[in-house]
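Input: a single structure, listed below in structure tokens.
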Amino acid sequence: MAAPETAPTPGGDADGRVPSVVCSGVSITYRVYGVGREESDEEGALRRLLSRSTRGVGRREVHAVRDVSFVAYRGESIGIVGSNGSGKSTLLRTIAGLVPPTSGKLWLGGKAALLGVNAVLMPKLTGRENIWIGAQALGLTPGQVRAAFDDIVEFADIGDFLDLPMASYSSGMGARLRFAISTAVTPDILVVDEALSTGDAHFRAKANERITRIREQAGTVFIVSHSDKTIQTMCSRALWIDKGRLLADGDPVAVNGLYARKYGKHRHVWRERFEEARRLEETEGPEAARAYLARWDRSLDS
């Protein structure tokens, strides 16, 4: 399995955009081991029990990500949408360098930093101590940590809890501190996995400002969220991952709309509409099907 490759920044595209992540045919497969099919005779079962080999142990392959390709550019904020188990978090962990791809290629135009609700610091240590640990883990020198310390504390806004163990923090307080530490220095690529879902409206507003600043400084941000509003307000682009495959890539409102048609509360209605559209396409042509769907989606007129 190949790890993400960090290469010199390539030239821009025709519009002058510079790639930060190039994902080409990436697939990620896990092997899950469990009890295999038992033999019918007792002697065979005993032989397997005494054997040191893995013979008789069942193995199942889980295809978490399947042949995903896209290019992310500097200055973009990209939302990743999908149902639980769709592979979106696995894909982002691959971008962050934590999970190597099974096949395909992944190029990074810089260093990626992962921010997630499970990005554990040290729960028995205070917030103050964790700031020092986390910031130095990002590569800051002690002098740089001292220079950034007040800004981290102000952004986290945890008050007197700064000198209490993180184990006593609420999920929102922990998310604010992790976000403040992770963004103390502008990363080339910031990967945010559900961390924004635990904060209040004030925190999300501040996080949005910080993400905007990262984008303005030519960073790239990836955000996983189940909140349509978060994706639409914080992202300039969205990817829809479904059962490991990339089904849509484009404007966040449009991508969220497509996702809702399959998994939203009106999915049954949309299934009937698409079936009728397919019938019209076969009997009257694609224009008739398009006009039929345009009754509910005016964007199809353009």
Residues being touching a strand residue (DSSP E or B) at 6+ places or on another chain (Cβ under 6 Å) and in a helix (DSSP H, G or I) - total across segment 235-269:
4
Go through (1) over 20 Å from D228 (Cβ atoms); (2) of a type in the set (S, T, N, Q); (3) at pLDDT below 80 and name the single condition S299 misses.
(1)
Does P19 count as at pLDDT 85 or above and over 26 Å from V255 (Cβ atoms)?
no
Among strands (runs of 3 or more DSSP E) entirely within segment 24-136, at least 2 residues that are at pLDDT 85 or above and surrounded by 14 or more Cβ atoms within 10 Å (Cβ to Cβ) occur in 57-73, 77-81, 103-108
Kindly list, by first and then second residue, each pair from a residue in segment 142-163 that is under 24 Å from A201 (Cβ atoms) to a residue that is surrounded by fewer than 17 Cβ atoms within 10 Å (Cβ to Cβ) and modelled with pLDDT of 90 or more, limited to pairs with Cβ atoms under 6 Å and residues at least 6 apart or on different chains.
L162/R128
Single match in M234, M173 (criterion: in contact (Cβ under 8 Å) with a residue 24 or more places away in the chain and either touching a Lys or Arg at 6+ places or on another chain (Cβ under 8 Å) or buried (at least 20 other Cβ atoms within 10 Å of the Cβ) (or both)):
M234
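The values are calculated or read from the model by the stated rules, or taken from the named source; none is laboratory data. Note that the structure is predicted; figures quoted are calculated from it, not measured. Note: ideal-geometry Cβ built from the backbone for every residue, glycine included; neighbour counts use all protein chains shown.
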